[in-house]
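Right, one structure below, let's go through it.
Taken together, the values in this text are just the output of simple stated rules run on the coordinates, not laboratory data. If you're wondering where the values come from, they're calculated on a predicted model, not measured in any experiment. Heads up, the Cβs are rebuilt from the backbone with ideal geometry, glycines too, and the neighbour counts pull from every protein chain shown.
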Amino acid sequence: MATITAGLPTSYVTSENTISSWLLTKDHKRIALLFFASITFFFFIGGIAATLIRMHLATPEGLLQPDIYNRMFTMHGIVMVWFFLIPSIPTTLGNFIIPLAIGAHDLAFPRINLASWYVFNLSGLVLLYALIMGGIDTGWTFYTPYSTLFANGYVIAATLAVFINGFSSIMTGLNFVVTIHRLRAPGMTWMRLPLFVWGIYSVSLVMLLATPVLAMTVLLVAMERFMGVGIFDPARGGDPLLFQHMFWFYSHPAVYIMILPAMGVVSELITCYVRRPIFGYTGMTYALMSIAIISFFVWGHHMFTAGISIYSAVVFSLMTFFVAVPSAIKVFNWTASLHKGSITFDAPMLYALGFVLLFTIGGLTGLIVATVALDVHLQDTYFVIAHFHYIMVGGTVSAFFGGLHYWWPKITGRLYPEMWARMAALLTFVGFNLTFFPQFILGYLGMPRRYYAYPPEWQAWNVLSSAGASILAVAYILPLGYLGWSLLRGERAAPNPWRATGLEWQTSSPPPKHNFERTPVVTAGPYLYDPEDGGFIAQNGAVNA
Amino acid sequence: MRSLQPEIQYATLSQQGETAQLGMWVFIATETLFFGALIFTYFIYRDAYPKEFAEAGKDAVLWCGSVNVGLLLTSSLTMVLAIDAAADGRRRHLKNWLLATAGLGIAFVCVKGVEWCLDLAHHDVPSINFIMKPAEAPAGELFWVFYFIATPLHALHLLIGLGLILYMLWRVRRGDLTPAYYAPLEVVGLYWSFVDTVWIFLYPCIYLVGRS
């Protein structure tokens, strides 16, 4: 997806053509494309690891050596969490769309934006080094004292990669927060911001406040291993539980780093394909912000069985139930937005509906594992694996693909082939459920995560899961083919092919180098769609244009 | 004097300047969490092992830490005076106050270097020559691990600050900090004060608690 050659003569794509004009660009749109290339690469690296895991688990005795299996699930976790899911929507769609959607000519700090991409790639190289040298077997969580005292692998390189990766997250998040505060076009008040902008704003706050704690945590792990001191070693006065507290103080909010921008994307898609204003806009913004805030007070639910006191377990359980309230508000509001709408089932809408369904299942099972008594049974089983994949893959990846299709004409100036895209969206939904629903059952039956072998009576469910994974693989590779084809052969896109209200649709497709000829003036709220005749009023007041 | 144009994404220079300052404040928020996590681990362990930490902390070189507090607080004053001079367009004063700030920063690093040598001489450097005194066992080493993560990290931030001040001196020479636009200097000033503030928090943790 990196090389895009087509487009109108004046667009950001064709304005300059040298390699250095790409590698040294300060244009947020080009940087978004650079990020697309990087995260697509890592998505497939993580996907290869996932493929090997599912191939291995198709039979009880397996395919890989136990030690190799450990290295595969570790690499799958690290790559997918830090090198795909966390940067996925913010650095690509966010980078491209946010300045356009608020009527700005670029992000506040274009050089920092470019630096973020270089730092991301640097961290990726360090991780690839760890991978090529033999990988690590700690799991993506680097739990001490195993990671510091016993693990036989490149823990320091992997933690260093995560540490460097954090700088990239922080640079991106900082840019968005400052840009959304200071560079909104005249008339673009906070309560007129599209929900995608709110999603990116809330996620940026979480990135900024959580990532530094992870940086310090992995730094301490690397120091302990490198210097041979006992920061988390109980024999030398250290406390391994302290590591878990610090790790999850970041890594629980990290789940919301993945889901908040996805929620923003889905709000854009649903309104456009239902031709209705979002139900309860104000509630949606408060829900995003309360999820972001409450996400910092629930980390202990990862540690119910780790030896924390029952009183703190109860408090963390309660806080986790609280986070379900704004999440449910969002689901109800999306559903209510469908009511009396004029719905078309284009591919982005299919992805969005898939998101709502899968996120709901992921969220409800989240309540099950947040219940202390049930979690004692389900902790570290495939139930947990299935739960968080419903959120991260069913939720975030669906929204990422939905958003990618929706903004594809804006990004590339070409329309994607609708039938192929619908097929990919449906395959994603079917393949995903077939892969992960059996894992709920396996987990409930007691199959532990991270074990490389299992008793033969669980094989049927595991075979179903592996079969689903192969469908999912097809669903993820398909877009690479037809989107690539559309770059060269796709129909040219009009400025506003979906008749959507956002400011990004009020400029040419693809946009010119500095986004707008003149800074737009905003006179209308987002989502002024009319379900009766499908008409709309764009945020700059243009009617049906 | 060069006349600066705002970058393409800004309508005016003052919007650009205010945005740069907001950016630095946000960055300082992330840095607060970064150092905060480290100081948090310190308090957890200090709470778990109060006697051992007090015993280990007696080796910390009090005069070095205290002199450094004075140096850094003074450097924040000279930095503010530099900004004041920039706002008035007094270029010679601006240059001199920046040089004074850099000088105080370098003095801090020198005192820190002397202190690290003294720590080495006292056998207080974990994983190099640490010797646990009986009264410190088993957790006294954790105090020095904290010390040798916190102080080099702080010194690294200070060195970055020194680099930024040199860059500001170069920009003063080039003549692009004018009374109409000196936001870059204010941003560096914010950063410098933050590094100063971190030391204000590290100082009691390392040198004062449990000393009496």
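Choose one of A:ILE293, A:TRP461, A:ILE308: the residue whose Cα lies farthest towards the positive end of the charge dipole of region A:19-537 (beta-carbon charges +1 Lys, Arg; -1 Asp, Glu; about the Cα centre).
Comparing the listed Cα positions along the dipole, A:ILE293 ranks first.
With r as the distance between the Cβ atoms of B:HIS122 and A:LEU445 and R0 = 56 Å, compute the FRET efficiency 1/(1 + (r/R0)^6) and round to 0.05. Don't skip to the answer; put the middle values down first.
Details: r = 59 Å, r/R0 = 1.05.
Efficiency at R0 = 56 Å is approximately 0.40.
Toward the positive end of the charge dipole of region B:49-208, about the Cα centre and with charges on Cβ (Lys, Arg +1; Asp, Glu -1), which of B:GLY189, B:VAL61, B:LEU142 goes farthest?
Sorting the options by dipole projection puts first B:GLY189.
If region B:118-212 were replaced by its equivalent ellipsoid, with semi-axes equal to the square roots of 5 times the Cα gyration tensor eigenvalues, what would those be, largest first, whole Å?
Numbers: eigenvalues 316, 39, 13 Å².
For region B:118-212, the semi-axes come out at 40, 14, 8 Å.
Test of understanding: given chain B, find the longest segment containing no trypsin sites (Lys or Arg not before Pro) that are in a DSSP loop and have at most 16 other Cβ atoms within 10 Å. Don't skip to the answer; put the middle values down first.
On the way: sites that count: B:ARG2, B:LYS58, B:ARG90, B:ARG211.
The reported range is B:91-210.
At R0 = 35 Å, how high is the FRET efficiency between B:ALA11 and A:LEU122 if r is their beta carbon distance? Nearest 0.05 is fine. Write out the running numbers ahead of the final one.
Values: r = 34 Å, r/R0 = 0.98.
Efficiency at R0 = 35 Å is approximately 0.55.
Round to a whole angstrom and tell me the spacing of the C-alpha centers of region A:317-379 and region A:407-448.
16 Å
Just the number, please: Stokes-Einstein D of chain A in µm²/s, Kirkwood Rh from C-alpha pairs, 4 °C, 1.567 mPa s. Mind dumping the intermediate values first?
On the way: Rh = 23.7 Å.
Approximately 55 µm²/s, per Stokes-Einstein.
Measuring from a point 7 Å past the Cα of A:SER15 along Cα-to-C-beta, which residues in region B:9-26 have an amide N at less than 19 Å?
Once the point is set 7 Å along Cα→Cβ of A:SER15, B:9-12 turn out to lie under 19 Å by backbone N, inside region B:9-26.
Taking the 0 to 90 degree range and rounding to the nearest ten, how far is the long axis of helix A:398-412 tilted relative to the main principal axis of chain A, both from C-alpha atoms?
40 degrees
Which FRET efficiency value, to the nearest 0.05, is calculated for A:THR59 and A:ALA115 with the Förster distance at 35 angstrom and r the Cβ-Cβ distance? Don't jump to the answer; show the numbers that get you there.
On the way: r = 47 Å, r/R0 = 1.34.
Efficiency at R0 = 35 Å is approximately 0.15.
Working only with C-alpha atoms, what are the Rg and Dmax values of region A:200-350, expressed in angstrom?
Cα only, region A:200-350: 19.8, 66 Å (Rg, Dmax).
When A:VAL397, A:VAL126, A:VAL13 are ordered from fewest to most other Cβ atoms inside 10 Å of their Cβ, what list results? Intermediate values should be presented prior to the final figure.
Working: A:VAL397 28, A:VAL126 21, A:VAL13 24.
Ranked by crowding around the Cβ, least crowded first: A:VAL126, A:VAL13, A:VAL397.
Roughly what angle does helix A:66-78 make with the longest principal axis of chain A, taking Cα atoms, 0 to 90 degrees, to the nearest 10?
30 degrees
Compute the separation of the alpha-carbon centres of region A:46-91 and region A:470-545 and state it in Å as a whole number.
Here the answer is 35 Å between Cα centres.
Where does chain A land at 222 nm, in deg cm²/dmol rounded to the nearest 500, when only DSSP H runs of n ≥ 4 count, each adding -39500 (n - 2.57), divided by all residues?
Numbers: 17 runs with 334 residues, N = 545.
Result for chain A, helices only: -21000 deg cm²/dmol.
For chain B, what are the DSSP H helices with axial Cα length of 15 Å or more and mean Kyte-Doolittle hydropathy of at least 1.0? Can you show the working numbers first?
Numbers: long enough: B:13-48 (52 Å, 0.62); B:62-88 (40 Å, 1.31); B:91-121 (45 Å, 0.67); B:140-174 (51 Å, 1.11); B:183-203 (30 Å, 1.20).
In chain B, the long hydrophobic H runs are B:62-88, B:140-174, B:183-203.
Looking at chain B from every direction and averaging, what is the projected area of its Cα convex hull in nm²?
Details: hull surface 50.9 nm².
Across all orientations, chain B yields a mean hull projection of 12.7 nm².
Count, for each residue of A:234-244, the Cβ atoms from other chains sitting within 10 Å of its Cβ, then give me the mean as a whole number. Write down the numbers at each step before the final one.
Details: counts 1, 1, 7, 14, 8, 5, 0, 1, 5, 1, 0.
The per-residue average across the peptide is 4.
Measuring from a point 7 Å past the Cα of A:SER312 along Cα-to-C-beta, which residues in region A:237-265 have an amide N at less than 16 Å?
Under 16 Å, as judged by backbone N against the label point of A:SER312, lie A:238-252 of region A:237-265.
How crowded by other chains is A:217-223, given as the mean number of beta carbons from other chains within 10 Å of each beta carbon?
Working: counts 3, 0, 5, 6, 0, 0, 5.
Other-chain Cβ atoms within 10 Å of each residue's Cβ, averaged: 3.
Once both labels are modelled 7 Å past Cα along the beta-carbon direction, what's the A:LEU364-B:SER212 spacing in nm?
6.1 nm
Could you state the angle between the C-alpha long axis of helix A:28-56 and the longest principal axis of the C-alpha atoms of chain A, as a value from 0 to 90 degrees rounded to the nearest 10?
Helix A:28-56 sits roughly 40 degrees off the main axis of chain A.
Could you work out the mean count of beta carbons from other protein chains within 10 Å of each residue's beta carbon in B:35-45? Don't skip to the end; give the middle numbers.
Values: counts 2, 3, 11, 7, 1, 6, 11, 0, 0, 5, 5.
Whole-number average of other-chain Cβ neighbours for B:35-45 is 5.
For the pair A:ALA328/A:THR282, report the inter-label distance in nm, with labels modelled 7 Å from Cα in the Cβ direction.
2.2 nm
Against the globular-protein guess of 2.2 N^0.38 Å, express the Cα radius of gyration of region A:1-132 as a ratio, rounded to two decimals. Show your work: numbers first, answer last.
Working: Rg = 18.2 Å, N = 132, 2.2 N^0.38 = 14.1 Å.
After normalising by residue count via 2.2 N^0.38 Å, the value is 1.29.
Non-local amide H neighbours of A:THR381 (under 5 Å, H modeled in plane, Pro and chain starts lacking H): which ones?
Residues meeting the amide H criterion: A:ARG449.
Given charges of +1 on the Cβ of Lys and Arg and -1 on the Cβ of Asp and Glu, with all other atoms neutral, how large is the dipole of region B:49-208 about its Cα centre, in debye to the nearest 20?
Working: 11 positive and 13 negative charges, 166 e Å.
Taking the Cα centre of region B:49-208 as origin, the dipole is about 800 debye.
Once amide H atoms are built 1.01 Å from N in the peptide plane, which residues 5 or more positions from A:ARG414, or in another chain, come under 5 Å H to H?
Result for A:ARG414 returns A:ALA493.
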